[in-house]
Amino acid sequence: MSSESTAGLAERVARIEARQEIEELKYRYLRACDQKDLEGFRACFVREGADIDYGELGAFATVDQLVGLFRQIALARDEQGHQVLDMHHGVHPEITFRSPTEATGRWTLRFRQLNLVDRTERVLCGEYDDRYVVEDGAWRLARHHFRSLWSLTRPLPEGYVVDEGGLL
């Protein structure tokens, strides 16, 4: 094998590995949302300078502002447990590399939320538009925009029972 084809193979393998790392980053982010893992959630983003827009939930000048919203909504509890329970599924990733240390991505979000204060269930479909950069040797979210495509909110049925299981 020539050194040129070896270099080409090495680049392709590096890109496959980087894509896998970016997908794992997104899955860690989604899991942190569902498991109410504040530290894991924060670790998915760059330390400073992130561009964050969550549509109806607002745009944020810093990740710390977003973490504040996460704390306020996702970690809110009453005597029965958490007031809001979420389920995030990211599907259909499209990842484009701009350089070995920068990439963009689009994902479709399938989202389900139980709001136990309002006694509603919300089902939503939306799109993430992300930019990823390597920071301290790991991929992080530098741009994170979300746009809702549609949603359905309905009352929880009479007599519903919620078991938080591992979130207690």
Write down the accessible area per residue of the chain in Å², having rolled a 1.4 Å probe over the full set of protein chains. 60 Å²
Answer in debye to the nearest 20: the dipole magnitude of the chain about its Cα centre, from +1 Lys/Arg and -1 Asp/Glu charges placed on Cβ, is 240 debye
Taking every Cα atom in segment 1-62, find the radius of gyration and the maximum pairwise distance Dmax, and write them in Å. 17.2, 54
I need the shape label for segment 124-168. Rule: rounded when a/c is under 1.5, else prolate if a/b > b/c, else oblate, with a, b, c from the alpha carbon gyration tensor. oblate
Report the FRET efficiency, 1/(1 + (r/R0)^6), for residue 5 and residue 104, where r is their Cβ-Cβ distance and R0 is 30 Å, rounded to 0.05. 0.60
What does the charge count around residue 96 come to, taking other residues whose C-beta lies under 11 Å from its C-beta (Lys +1, Arg +1, Asp -1, Glu -1)? +2
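Just add up the charged neighbours of residue 113: K/R +1, D/E -1, any other residue whose Cβ is under 15 Å from the Cβ of residue 113. Intermediate values should be presented prior to the final figure.
Details: positive: 36, 110, 112, 119, 122, 154; negative: 34, 56, 86, 118, 121, 164.
Summing Lys/Arg as +1 and Asp/Glu as -1 gives 0.
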Defining a contact as two alpha carbons under 8 Å apart and six or more residues distant in sequence, what relative contact order in percent does segment 77-168 show? 23 percent
Can you give the relative contact order of the chain as a percent, counting alpha carbon pairs under 8 Å and 6+ residues apart? 20 percent
Can you check what the Kirkwood hydrodynamic radius comes to for the chain, Cα pairs only, in Å to one decimal? 17.5 Å
Starting at the first residue of segment 105-120, write each ³J(HN,Hα) from the Karplus equation 6.51 cos²θ - 1.76 cosθ + 1.60 with θ = phi - 60°, in whole Hz, x for Gly and Pro. x, 10, 9, 9, 9, 9, 10, 9, 9, 9, 9, 7, 7, 7, 6, 10
Rounded to the nearest 500, the 222 nm mean residue ellipticity computed for the chain from DSSP H runs (n ≥ 4, each -39500 (n - 2.57)) alone is -10000 deg cm²/dmol
Could you work out Rg/(2.2 N^0.38 Å) for segment 66-157, with Rg from alpha carbons only? 1.32
Long-range HN-HN contacts of residue 52 with modeled amide H, under 5 Å: 60, 144
Using a 1.4 angstrom probe on heavy atoms only, work out the carbon and sulfur share of the accessible area of the chain in %. 50 percent
Rounded to whole Å, give me the distance from the Cα center of segment 56-97 to that of segment 111-132. 9 Å
What FRET efficiency comes out for the pair residue 97/residue 47, r = Cβ-Cβ distance, R0 = 22 Å, nearest 0.05? 0.50
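The values are calculated or read from the model by the stated rules, or taken from the named source; none is laboratory data. Note that the structure is a prediction, hence the values are computed from the model and not measured. Quick reminder, even Gly has a Cβ in these numbers, built from the backbone with ideal geometry, and neighbours come from all protein chains shown. Accessible surface areas use protein heavy atoms only, side chains included; no ligands, DNA or RNA. Shrake-Rupley method; radii C 1.70, N 1.55, O 1.52, S 1.80 Å.
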